[in-house]
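Asks: The structure that follows is given in the form of structure tokens.
The values are calculated or read from the model by the stated rules, or taken from the named source; none is laboratory data. Quantities reported herein were computed from a predicted structural model and do not represent experimental measurements. As a convention, Cβ positions derive from the backbone with ideal geometry for all residues, glycine included, and neighbour counts pool all protein chains shown. Each accessible area value is taken on the protein alone, full model and side chains, heavy atoms only, with ligands, DNA and RNA left out. Shrake-Rupley method; radii C 1.70, N 1.55, O 1.52, S 1.80 Å.
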Amino acid sequence: MNIVRQKGCRDILPEDTKIWQYIEEQIRDICKEYNIKEIRTPVFEATELYSRGVGDETDIVNKEMYTFLDKGNRSITLRPELTAGVVRAYIENGLSSKIPSPIKLWYTGNMYRYEKMQKGRYREFSQFGVEFFGSSSYLADIETICASYELLKRLNIADKVELAINSIGCDKCRKEYIDKLKNYLSPYLNDMCDTCKIRFEKNPLRILDCKEEKCKKILNSAPVITDSLCDECSNDFNNIKNTLEKLNINYIVDTRIVRGLDYYNKTVYEYVSKDLELAVGGGGRYDKLVSVLGGVNTPAVGFGIGIDRVVILLKEYGLLDNIKNNKIIYFLTDDSTYIKSLEYVNSLRNLNYTVETNIQERSFNAQLKYANKLNADFVIIIGEDEIKNNECSIKNMRTGEQSKIKLDINSIKEKIGNA
Ligand code: HAM
């Protein structure tokens, strides 16, 4: 029996890893520029972290977690997201006393959700996320939006996705809104889908997320949450909208956005590709989560962007031209010159050139064929004669031009140009 990979998991092969590396490079650059520090947390955590942190009534916790008992009988869960894990690490490591506030952290990594596999929806997927702790100011929300938007801009996909924002208020105004929503919905409840009926009791806000046509119709005239915000939540939301306008960041207000995780409050947002029907990222404020997980009350805000989905966008829109490929230099040698050539091979590698050598002990002709297949830019030939004369032959594989030059690193560099 052949062993194959698990459903919903993918092997990311070399032709794609270069796209991932390109995205990860932009992420690292942006986080350095924003002084956001990297954090790495475990791939599995105590199940309770997610049931308390993300919320028992969410689809993620209810239906999608990879949970198992380990050999010590502990209930363990593969992380379905990383915010809860970062909050746990923030509390457990006493970061608030180690790093000046606001503490700004970023991560990338794999997450696991038992979902129905489709394009852009996997059981193992990867996110880039940012979490800020300690600032209750709307300016912290703005900085998270700016950082995520900057990534989309650098990848040339900012105009391919829509930034949709909403405010889901604080505990107080949300409760008032939920009462209004339930009052409005009760007479229609029998006409709604089964999921909405359950959500009506357990998590009424999530009804706004329903994709069923019959429910969407009923929701069209439902009260909207932004009409029920208290002064503080409303001011925050207005400040965010005004600032986005001043920064020329296009957005729409979508009062149906509630997010699929329970920890959010105040402003929430999503980046959505309408064309491809994909949510590319999402985030918002979660001022209660640190205290819910046992820490000191600390305001927080963050986002997560799905890297798998960013890769899909880059491919769909043919935006891969910015991925820089190093020139490939092939050293064509024989048994007697291989070791001597390594001196030059290593010097070039140290200078960041991509260099291939004859590790399969091929013949002269077979090496030339191989260099062609590799799509090498230059072939440097070092045979016994060349060594004797302290020179090498260098062939430009693009033009076919071949010449003899001095066997020294500066002459080689001059001929092949930048890496
Ligand atoms: P989320 O909306 O659940 O938020 O996920 C963020 C992004 O991860 C989604 O917009 C999507 O691009 C990607 N994603 C989610 N599930 C899958 C999947 N099954 N396959 C491929 N991509 C997927 C969170 O996880 C929050 N922790 C974000 C956050 C950070 N909020 C505050 N801080």
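Asks: Out of all the residues in region 101-119, which are closer than 12 Å to Cys9 by Cβ, part of a loop (DSSP other than H, G, I, E, B) and among the hydroxyl-bearing types (Ser, Thr, Tyr)?
Replies: Tyr114 - this is the single residue of region 101-119 that is closer than 12 Å to Cys9 by Cβ, part of a loop (DSSP other than H, G, I, E, B) and among the hydroxyl-bearing types (Ser, Thr, Tyr).
Asks: Please tell me if Ile27 is of a type in the set (A, V, I, L, M) and within 20 Å of Glu150 (Cβ to Cβ). Step through it out loud before you land on a result.
Replies: Numbers: of a type in the set (A, V, I, L, M): yes; within 20 Å of Glu150 (Cβ to Cβ): yes.
When the stated conditions are applied, Ile27 passes them.
Asks: Here is a further query. For Arg309, indicate whether it is touching a Leu at 6+ places or on another chain (Cβ under 7 Å), within 16 Å of the ligand (Cβ to nearest atom), of a type in the set (Lys, Arg) and modelled with pLDDT of 95 or more.
Replies: Here the answer is yes, as Arg309 does meet what is asked.
Asks: Provide a single number: the residues in region 104-123 that are modelled with pLDDT of 95 or more and farther than 18 Å from Gly260 by Cβ.
Replies: 7
Asks: Still on this structure, please answer the following. Which number in (1) within 14 Å of the ligand (Cβ to nearest atom); (2) open to solvent by 40 Å² or more (accessible area, probe 1.4 Å); (3) within 15 Å of the chain's Cα centre (by Cα) marks the one condition that Leu155 misses?
Replies: In the conditions (1) within 14 Å of the ligand (Cβ to nearest atom); (2) open to solvent by 40 Å² or more (accessible area, probe 1.4 Å); (3) within 15 Å of the chain's Cα centre (by Cα), Leu155 misses (2) alone.
Asks: Check region 167-184 and report whether any residue there is under 30 Å from Asn238 (Cα atoms), touching a Pro at 6+ places or on another chain (Cβ under 8 Å) and open to solvent by less than 10 Å² (accessible area, probe 1.4 Å).
Replies: The answer is yes; a qualifying residue exists.
Asks: Would you please name the residue that is surrounded by the most Cβ atoms within 10 Å (Cβ to Cβ), looking only at residues in region 102-117 that are within 20 Å of Asp16 (Cα to Cα) and within 9 Å of the ligand (Cβ to nearest atom)?
Replies: That would be Met111.
Asks: Being outside any loop (DSSP other than H, G, I, E, B) and more than 10 Å from the ligand (Cβ to nearest atom) is the filter here; which residues of region 263-275 pass it?
Replies: Asn265, Lys266, Thr267
Asks: Pick out, from region 294-396, the strands (runs of 3 or more DSSP E) lying fully within it that include 3 or more residues that are open to solvent by less than 40 Å² (accessible area, probe 1.4 Å).
Replies: Those strands (runs of 3 or more DSSP E) span 300-306, 328-333, 378-382, 391-396.
Asks: Among the numbered conditions (1) at pLDDT 95 or above; (2) within 30 Å of Lys315 (Cβ to Cβ); (3) loosely packed, with under 14 Cβ neighbours inside 10 Å, tell me where Leu163 comes up short.
Replies: Every condition holds for Leu163 apart from (3).
Asks: Next question, about the same structure. Six or more apart or on different chains, Cβ under 9 Å: which pairs go from a residue in region 239-266 that's farther than 22 Å from Tyr286 by Cβ to one that's among the hydroxyl-bearing types (Ser, Thr, Tyr) and part of a loop (DSSP other than H, G, I, E, B)? Could you list them?
Replies: Glu245/Tyr251
Asks: Within region 120-139, count every residue that is surrounded by fewer than 20 Cβ atoms within 10 Å (Cβ to Cβ) and assigned to a helix (DSSP H, G or I).
Replies: Adding up the residues that qualify gives 1.
Asks: Let me ask something else. Filter region 276-293 down to the residues that are part of a helix (DSSP H, G or I) and either at pLDDT below 95 or within 12 Å of the ligand (Cβ to nearest atom) (or both) and list them by number.
Replies: Leu289
Asks: Do you know which residues across region 133-182 are of a type in the set (S, T, N, Q) and free of Cβ contacts under 8 Å to residues at least 40 places away in the same chain?
Replies: First, pick out the residues of region 133-182 that are of a type in the set (S, T, N, Q): 135-137, 144, 148, 156, 166-167.
Once the filter is applied, which keeps residues that are of a type in the set (S, T, N, Q) and free of Cβ contacts under 8 Å to residues at least 40 places away in the same chain, region 133-182 yields only Ser137.
Asks: Keeping to region 199-241, report how many residues are open to solvent by less than 80 Å² (accessible area, probe 1.4 Å), closer than 20 Å to Ala164 by Cα and in a helix (DSSP H, G or I). Break it down stepwise before answering.
Replies: Here is the first cut: in region 199-241, the residues open to solvent by less than 80 Å² (accessible area, probe 1.4 Å) are 199-200, 203-210, 215-216, 218-219, 222-226, 228-230, 233-234, 236-241.
This time we only want the ones that are closer than 20 Å to Ala164 by Cα, so: 205-210, 216, 219, 222-226, 228-229, 233-234, 236-241.
Cutting the leftovers down to in a helix (DSSP H, G or I) gives us 205-209, 216, 219, 225-226, 233-234, 236-241.
Total meeting the criteria: 17.
Asks: What are the pairs with Cβ atoms under 6 angstrom where one residue, in region 353-375, is within 20 Å of Asn326 (Cα to Cα) and the other, located anywhere, is in a helix (DSSP H, G or I)? Sequence gap at least six, or different chains.
Replies: Qualifying pairs under 6 Å: Val355/Val345; Val355/Leu348; Val355/Arg349; Thr357/Val345; Asn358/Gln367.
Asks: Here is a follow-up. Return the pair list, or none, for Cβ contacts closer than 8 Å from residues in region 23-50 that are at positive phi to residues that are in a helix (DSSP H, G or I), at least 6 apart or on different chains.
Replies: From region 23-50, no pairs qualify.
Asks: Mind counting the residues in region 294-323 that are without any contact (Cβ under 8 Å) to a residue 60 or more places away in the chain and over 25 Å from Tyr122 (Cα atoms)?
Replies: The total comes to 2.
Residues checked against (1) among the hydrophobic types (A, V, I, L, M, F, W, C); (2) at pLDDT 95 or above; (3) over 20 Å from Ile27 (Cβ atoms):
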| site | (1), (2), (3) |
| --- | --- |
| Met65 | yes, yes, yes |
| Ala84 | yes, yes, yes |
| Ser135 | no, yes, yes |
| Asp141 | no, yes, no |
| Asn156 | no, yes, no |
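Asks: Just to be sure I understand, how many residues within region 26-85 are away from the ligand (no atom under 12 Å from the Cβ), within 19 Å of the chain's Cα centre (by Cα) and among the charged types (D, E, K, R)?
Replies: Qualifying residue count, region 26-85: 7.
Asks: While we're on this one: For residues that are among the polar types (S, T, N, Q) and in a loop (DSSP other than H, G, I, E, B), scanning just region 242-262, find the one that is surrounded by the fewest Cβ atoms within 10 Å (Cβ to Cβ). Talk me through it step by step, then tell me what you get.
Replies: Residues of region 242-262 that are among the polar types (S, T, N, Q), as a first pass: 242-243, 248, 250, 255.
Okay, now just the ones that are also in a loop (DSSP other than H, G, I, E, B), so 248, 250, 255.
Working: Asn248: 6, Asn250: 11, Thr255: 18.
Once the filter is applied, the top-ranked residue is Asn248.
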